[in-house]
1. Output yes when any residue across the range 434-452 is surrounded by 24 or more Cβ atoms within 10 Å (Cβ to Cβ) and more than 24 Å from LEU602 (Cα to Cα), and no when none is.
2. All but one of (1) open to solvent by 10 Å² or more (accessible area, probe 1.4 Å); (2) of a type outside the set (Ser, Thr, Tyr); (3) not in a helix (DSSP H, G or I) hold for ARG138; which doesn't?
3. Among the numbered conditions (1) within 21 Å of VAL454 (Cβ to Cβ); (2) within 38 Å of the chain's Cα centre (by Cα), tell me where LEU557 comes up short.
4. Filter the range 95-113 down to residues that are of a type in the set (A, V, I, L, M) and either assigned to a loop (DSSP other than H, G, I, E, B) or crowded, with 24+ Cβ neighbours inside 10 Å (or both), then give me how many there are.
5. Which of the residues spanning the range 44-77 are part of a helix (DSSP H, G or I), β-branched (Val, Ile, Thr) and open to solvent by less than 10 Å² (accessible area, probe 1.4 Å)?
6. Would you check if there is a residue in the range 483-494 being under 22 Å from GLU554 (Cα atoms) and out of contact with any Lys or Arg (no Cβ under 6 Å at 6 or more places or on another chain)?
7. Which numbered condition trips up GLY316, out of (1) closer than 27 Å to ILE375 by Cβ; (2) surrounded by fewer than 20 Cβ atoms within 10 Å (Cβ to Cβ); (3) touching a helix residue (DSSP H, G or I) at 6+ places or on another chain (Cβ under 6 Å)?
Amino acid sequence: MTNQPRPQTPLLDRVKSPADMKQLSDAELRQLADELRAETISAVSVTGGHLGAGLGVVELTTALHAVFDTPRDRLIWDVGHQCYPHKILTGRRDRIRTLRQKDGLSGFTKRSESPYDPFGAAHSSTSISAALGFAVARDLGGAPEHGLGDAIAVIGDGSLSAGMAFEAMNNAGHLGKRLFVILNDNEMSIAPPVGAMSAYLSRLYAGAPFQEFKAAAKGAISLLPEPFQEGARRAKEMVKSLTVGGTLFEELGFSYVGPIDGHDMEQLLAVLRTVKQRADRPTLIHVLTQKGKGYAPAEAAADKHHAVVRFNVVSGQQKKAPSNAPSYTKTFANALIDQASRDDKIVAITAAMPDGTGLDLFATRFPNRCFDVGIAEQHAVTFSAALAAGGLKPFCAIYSTFLQRGYDQVVHDVAIQRLPVRFAIDRAGLVGADGATHAGSFDIAFLANLPDFVVMAAADEAELMHMVATAASINDRPSAFRYPRGEGVGVDLPEQGEVLEIGKGRIIQHGSRVAILSLGTRLSEVQKAAEALAAKGITPTIADARFAKPLDREMILDLATSHEALITIEEGAIGGFASHVAQLLADEGVFDHGLKFRSMVLPDQFINQNSPEGMYNMAGMNAAQIEAKVLETLGVAILATQSSTS
């Protein structure tokens, strides 16, 4: 698939930066957009990545760079799923086929990558806050090297469902600073958007007979030449009697323009040029687009090819590696469905990620017991807390990286009230091509420090089934279980999960001298390391902690007092499981007797995109590195080096 022919792009070949677009005619900009779409499809067919979102904003991206003076004008893409065409136009085309690869371009906007990425993003709903910050910095002088241009936020209708976006709009309207918010309304984020906001946006253009009239009449009156303003006011009031229009945004202090066709270059250029010339306060431009636009396989797909692996451009067929093991996500979903079939109090909550968390399967089986709250993790957590207080058994399924966004609610609304919310934490550990922004590095540390919180980590897919059952049985306090992205290790699965004894680990292998205490799926790497160590005459004891909290005190103290060395390993940051083990050992005085204690955790740095295996290799947590840690701790590595050089 990497040998697929590249598209012919004579105009795009001339564009090395947005400055090169300033001399193009409107007709040439239309052609440039077509070539940009073809190049985006070609590039992503080689690397995989987020395709549909970028295809939906090709014309918008072209128009924005043609009208505004980037990078002096700050163009901020919310989330960043849609930024590939932007990267192609801003001097990174020669590297676009390194997207999401080791040492390649990030799949999101990244400040260190280009001056055209003024604000990094990979989580949603941050763009309006950032745009307002740039606008205020501009008006207060800022640093001279940062320029004094406009701030433009491009935010999708799904991202607009998050409270942070409204907090920013409320503040922007109050301050009255000149900035632009482009509402990219494609009626589809990763999954179909939910909630009152999407319904409100749908009503804006539900009346087909008035579509063209509304687009003209509901523009900000202040932007029109004076002779036309009175007529526009009357037309606007007439439209408001037919539909609520842009009233919500105007009440927040924004001029509202739209909706306009986001694939009509003539409309886009005319509106953007007008608002750039005339706007003197916050302005929202409502642009209607189609995710996956211009590529038939994406347009036909249910998810509009939101995220794809490498594919054939002609057929759209994706090349997915076969697997003999179910994914952890699917294992979780099936285990939860099994529990829910026997307990009608179990309900499931997700924050706009039903497919990613597997809860789409749960929703098919139990549609009245599954709640997608939109991109609103804070609400998801507190909503779950009240469900628990109301007598239900909520499973709140959120990626580790996104649970960070609801941490205050985890503490204040769940933990302090000791409510039995069960957190299913997907994408734990290092996730590969999405890089540092999506890594599940911190949940062990930020959950295990909360009093009376049960924190579990599955070593394999069978253990995950047991932890779902265990969480379902915990009714007196909050709990969480974490598991990685991707396929399991291929162990045999039980008929149903068993309830584990809280705070009890298991011994996998008995040995001597050194004990390795693993939490999570590094256990399979520990076992590989043990095989290599056996060839050197060292048989380590291997234990699976299962619980980061409460600790299995009896097992840990036994391992510590019966071995020369104890090594912990976890797919989490400093301050997590190892810190709790070290605290226990210190409190019990074990270090006074000469125990060699070492921990293997994620390094104190953000690790850029790579394959998961490559990322763990950079983190020093694969089998060979575990073996080396054991040898170093026991002093064997030094002796081996000395003997080999003598």
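1. Within the range 434-452 (the criterion being surrounded by 24 or more Cβ atoms within 10 Å (Cβ to Cβ) and more than 24 Å from LEU602 (Cα to Cα)), the answer is no, since none of the residues qualifies.
2. If we test ARG138 against (1) open to solvent by 10 Å² or more (accessible area, probe 1.4 Å); (2) of a type outside the set (Ser, Thr, Tyr); (3) not in a helix (DSSP H, G or I), just (3) comes out false.
3. Only one criterion is unmet by LEU557, namely (2).
4. Narrowing the range 95-113 to residues of a type in the set (A, V, I, L, M): 96, 99, 105.
Still in the list and also either assigned to a loop (DSSP other than H, G, I, E, B) or crowded, with 24+ Cβ neighbours inside 10 Å (or both): 99, 105.
Residues that pass the stated criteria total 2.
5. Keep residues of the range 44-77 that are part of a helix (DSSP H, G or I), which gives 44-47, 52-56, 58-67.
Next, from what is left, pick out any that are β-branched (Val, Ile, Thr): 44, 46-47, 58, 61-62, 67.
VAL44, VAL58, THR61, THR62, listed by residue number.
6. No, because not a single residue in the range 483-494 is under 22 Å from GLU554 (Cα atoms) and out of contact with any Lys or Arg (no Cβ under 6 Å at 6 or more places or on another chain).
7. Only one criterion in (1) closer than 27 Å to ILE375 by Cβ; (2) surrounded by fewer than 20 Cβ atoms within 10 Å (Cβ to Cβ); (3) touching a helix residue (DSSP H, G or I) at 6+ places or on another chain (Cβ under 6 Å) is unmet by GLY316, namely (1).
Yes/no matrix, rows are residues, columns are (1) part of a loop (DSSP other than H, G, I, E, B); (2) touching a residue at least 60 places away in the same chain (Cβ under 8 Å); (3) closer than 30 Å to ARG427 by Cβ:
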| position | (1), (2), (3) |
| --- | --- |
| LEU248 | no, no, no |
| ALA270 | no, no, no |
| LYS291 | yes, yes, yes |
| ALA298 | no, yes, yes |
| ALA335 | no, yes, yes |
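The values are calculated or read from the model by the stated rules, or taken from the named source; none is laboratory data. Because the structure is a prediction, the values reported are computed rather than measured. Virtual Cβ from ideal backbone geometry, glycine too; neighbours counted across all protein chains shown. All accessible areas refer to the heavy atoms of the entire protein, side chains included, with ligands and DNA or RNA removed. Shrake-Rupley method; radii C 1.70, N 1.55, O 1.52, S 1.80 Å.
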